Each structure stands twice: as C-alpha cells, then as structure tokens.
Amino acid sequence: MQQSIITDIANSDVIMMETLIYAIASFFILLLLDFYAAKKIGDRRRPAYKALRIHKSIAFFIVAVVTAVIAILCLFMDLSVSRGTLTYFGLPYFMAVVYYMVKVFRRVRSEIRRRR
C-alpha cells in the first residue's frame, strides 16, 4: 500500500532533526543580520546598535524556546505528526528571523538618514 507524501507520518527523530536544522539556520541568519547591523551602523558601542540588543534577545529567545518545547514533546511524549503538519514547525523560526530582520533594516535606515 502506497502512501502519499502528505499523509506519511514523521516520528520524533525526524521532527527533532528538522527542528535542529531550523534552529541552526535561524541562529546563523540572526548572527549574519547582527554582523550586517554592526557593519552598517559603524560600531557596536553606538546607541543605535545597542537599541537592537533587546530585539536580538527576543529573536534568540523565540528560537530557543520553540526548539526546547518541541524537543521536550519529542523526548517525553514520542510526538509524531504528518509531513504536511511538520512544515508548520518552521513558522516560529521564520517569524523570529523576519522580526529581527525588520528591526535591523529599520534601524540601519534611520541611522543612515540621521547621518545625512
């Protein structure tokens, strides 16, 4: 009996691996955005860059908490979902990256305008 890809079941090992890939990619992208902000603003000691610290902390916190919650569910409850549902597990990571990206680009734009 052949199952379609959408109805195939992902067990906790697959869920954890995909979650770890999302978390590592999110951390890497957030660090790249942080490096970009420091480079464009000019110095990590400037108030414009320091204002981004709370937003960076929020983004890292979202990524860490979502990863921890999914890991706890996988370890203790042996979580299994369909592959179609598994794609939605990446949504919080995407939201954290987009949140920090918007904050960085807005801060850099305002800092560049302020210098003119």
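Summed over region 77-114, the residues that are hydroxyl-bearing (S, T, Y) and closer than 30 Å to A48 by Cα give a count of 4. Scanning region 52-67 for residues that are farther than 18 Å from V108 by Cα and either among the aliphatic types (A, V, I, L, M) or touching a Lys or Arg at 6+ places or on another chain (Cβ under 8 Å) (or both) returns I58, I62, V63, A64, V65, V66. Say whether the condition of being in contact with a strand residue (DSSP E or B) (Cβ under 7 Å, 6 or more places away or on another chain) and open to solvent by less than 40 Å² (accessible area, probe 1.4 Å) is met by at least one residue in region 82-95. Yes, some residue in region 82-95 is in contact with a strand residue (DSSP E or B) (Cβ under 7 Å, 6 or more places away or on another chain) and open to solvent by less than 40 Å² (accessible area, probe 1.4 Å). Within region 23-72, being in contact (Cβ under 8 Å) with a residue 12 or more places away in the chain, open to solvent by less than 20 Å² (accessible area, probe 1.4 Å) and farther than 30 Å from N11 by Cβ holds for L33, D34, A37, I41, A48, Y49, L52. Sub-6 Å Cβ pairs linking a first residue in region 6-21 that is open to solvent by 50 Å² or more (accessible area, probe 1.4 Å) to a second residue that is modelled with pLDDT under 85 and assigned to a helix (DSSP H, G or I), at least 6 apart or interchain, are I6/G84; D8/R83, ordered by first then second residue.
If the condition is being surrounded by fewer than 17 Cβ atoms within 10 Å (Cβ to Cβ) and modelled with pLDDT of 90 or more, then region 102-113 contributes V102, F105, R106, R109, S110, R113.
Could you list, in sequence order, the residues of region 53-82 that are of a type in the set (D, E, K, R) and within 14 Å of M101 (Cα to Cα)?
R53, K56
The values are calculated or read from the model by the stated rules, or taken from the named source; none is laboratory data. Treat the numbers as computed from the prediction; the structure is a model and nothing was measured. Quick reminder, even Gly has a Cβ in these numbers, built from the backbone with ideal geometry, and neighbours come from all protein chains shown. These accessible areas exclude ligands, DNA and RNA; they are computed on the full protein's heavy atoms, side chains included. Shrake-Rupley method; radii C 1.70, N 1.55, O 1.52, S 1.80 Å.
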